[in-house]
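Some notes on the structure that comes next.
The values are calculated or read from the model by the stated rules, or taken from the named source; none is laboratory data. Being a predicted model, the structure only gives us computed values, none of them experimental. Note: ideal-geometry Cβ built from the backbone for every residue, glycine included; neighbour counts use all protein chains shown.
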Amino acid sequence: MQIKPAGPEDAARLTAIAFAAKRSWGYPERWMESWRDLLTIKPEFIIGHETCLAVIEDQAVGFYALGRNGDRMELLHLWVLPGVMGRGIGRSLFLHALENARALGCRELEIESDPNARGFYERLGARCVGLKQTEIQQERRELPVLICPASRRSG
């Protein structure tokens, strides 16, 4: 596997990965439709954010995107195709994102996580610092907000 910077031409591939990964958690299709704008990666988004993709045999299988928020970076996206989950791709992408955040001078990475991904981030050293209350189609949701030191190294 190789992790490399994404380019604007990768927008459609990254969008497909985001939708496939989110859909794998069994959300109702009406929720998926309400997340369309959030999960659609546009070329200008890639240009304006640190966006890297994981590639296996010339096939994009996952990606992450970072955005700056003051003195910390935010993990805006981290998605892996369902067919390759459990092979360490998400972990590699997350550790790469931490290194990228550190190289950009940030001490912490903030993550507003899907509830299904909270354990993944906690296993990699993030700690929950709060919950963001949201609502989707009259249903309340709590999204964990986590912080991970950018100095975290694989172990």
Being polar (S, T, N, Q), part of a helix (DSSP H, G or I) and touching a helix residue (DSSP H, G or I) at 6+ places or on another chain (Cβ under 8 Å) is the filter here, so list the residues in the range 1-35 that pass it. Thr15
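Quick grid of which residues meet (1) farther than 24 Å from Phe19 by Cβ; (2) in contact with a Lys or Arg (Cβ under 9 Å, 6 or more places away or on another chain):
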residue	(1), (2)
Glu57	no, no
Asp71	yes, yes
Pro115	no, yes
Gln138	no, no
Ser151	yes, yes
Based on what the data block shows, is Tyr64 under 24 Å from Lys4 (Cβ atoms), touching a strand residue (DSSP E or B) at 6+ places or on another chain (Cβ under 6 Å), at pLDDT 95 or above and part of a helix (DSSP H, G or I)? no
If only one of Glu135, Glu110 is surrounded by 13 or more Cβ atoms within 10 Å (Cβ to Cβ) and either out of contact with any Phe, Trp or Tyr (no Cβ under 6 Å at 6 or more places or on another chain) or part of a helix (DSSP H, G or I) (or both), which one is it? Glu110
Is it the case, given these coordinates, that Arg87 is out of contact with any helix residue (DSSP H, G or I) (no Cβ under 8 Å at 6 or more places or on another chain), in a loop (DSSP other than H, G, I, E, B), of a type in the set (D, E, K, R) and surrounded by 13 or more Cβ atoms within 10 Å (Cβ to Cβ)? yes
Residues located in the range 26-45, provided they are farther than 13 Å from His77 by Cβ, free of Cβ contacts under 8 Å to residues at least 40 places away in the same chain and of a type in the set (Lys, Arg): Arg36
Only listed residue being of a type in the set (D, E, K, R) and within 22 Å of Ser24 (Cα to Cα), chosen from Glu142, Glu99, Glu108: Glu142
